[in-house]
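Structure record follows, encoded as structure tokens.
The numbers here are math on the coordinates, done by the rules we state, and not lab data. Not measured: the values here are computed from a predicted model. Cβ: placed from backbone, ideal geometry, glycine included. Neighbour counts: every protein chain shown.
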Amino acid sequence: MKYNRYDLPKIIQKDLFLNAKIHLILLVFIILSANLIIITNYNTQLLIIQKEKISIQKNKILKNDIII
């Protein structure tokens, strides 16, 4: 007795591209927006660290001016 083997990944791919185009587009947008949120958060943290370093340098300069 011979069993028919189906290629499941190809069946899923055909189903996604033929019947679920809207779902596929939504999935791409969800992944894209999640990546953009992570990038924005990372850049914000870098800017906060940079601002903190500048503030520390400014305070050191002001303390040195007062002492002199």
*By how many nm would the segment from A20 to L62 lengthen if fully extended, with 0.36 nm per residue of separation less the alpha-carbon distance?*
8.8 nm
*Just from its helices, what would the mean residue ellipticity at 222 nm be for the chain, if runs of 4 or more DSSP H residues each count -39500 (n - 2.57) and the sum is divided by every residue, rounded to the nearest 500 deg cm²/dmol?*
-31500 deg cm²/dmol
*Residues of type lysines that K63 reaches as a straight line, Cα spacing below 20 Å, ignoring anything fewer than 8 places off in the same chain*: K51, K53
*Degrees, to the nearest 10: 8-19 long Cα axis against longest axis of the chain*: 80
*Cα axis of helix 21-67 to longest principal axis of the chain: angle in degrees, 0 to 90, nearest 10?*
10
*Tail beyond 14 Å, pair distance distribution of the chain (Cα, percent)*: 78
*FRET efficiency, 1/(1 + (r/R0)^6) with R0 30 Å, evaluated for Y6 and I37 via beta carbons*: 0.20
